[in-house]
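Notes to accompany the following structure.
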Amino acid sequence: MRRAWLTLGRLLARWEVLLIIAIVGVGIWSTTLSPFFLVRANLLDLLTPYAFIGLMAFGLAFVVIAGEIDISVASILAVSVVCFSQLYDAGLNVWLALAAGLAVATALGCVNGVLVGIFDLPSLAITLGTLAAYQ
């Protein structure tokens, strides 16, 4: 029984657990302040901006698990979004512009992958360089 209490104490002392407890506490407190906090529209407004960050983090998780790092992800996103918006503004179909934006992002990511994987260059140096180049 003592071992279980020690394990529980170590778990609760981790900053991630304390952060989750704080987020839940702030959510409960916000609900008591306004009846509109837990409304579906408000929750979507709160979570929508973080969908892009979550998708980028999901893709980057595999790179980190492999022991590498890629700091040019945001720049690749910016280049592909600008490509998409320029093509869409020029009158191209939204789906074709989307496909072109994804193709640009894939090509830029492949440049990083070839430089790191094939030429065996350090990923930090390569992605730092491509971060500056893509900006």
State all residues of the stretch 1-57 that are more than 30 Å from Ala78 (Cα to Cα) and polar (S, T, N, Q); if no residue qualifies, say none.
-> Thr7, Ser30, Thr31, Thr32, Ser34
State which residue pairs qualify: first residue surrounded by 12 or more Cβ atoms within 10 Å (Cβ to Cβ) and inside the stretch 116-128, second residue among the small types (Gly, Ala, Ser) in any location, beta carbons under 8 Å apart, and separation of 6 or more residues or different chains.
-> Val116/Ser123; Thr127/Ser72; Leu128/Ser72
Can you name the number of the only condition in (1) more than 30 Å from Val24 (Cα to Cα); (2) free of Cβ contacts under 8 Å to residues at least 12 places away in the same chain; (3) within 15 Å of the chain's Cα centre (by Cα) that Ala51 fails?
-> (1)
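Taken together, the values in this text are just the output of simple stated rules run on the coordinates, not laboratory data. Keep in mind the model is a prediction, meaning the values are calculated, not measured. Glycine also receives a Cβ, built like all others from the backbone with ideal geometry; neighbour counts cover every protein chain displayed.
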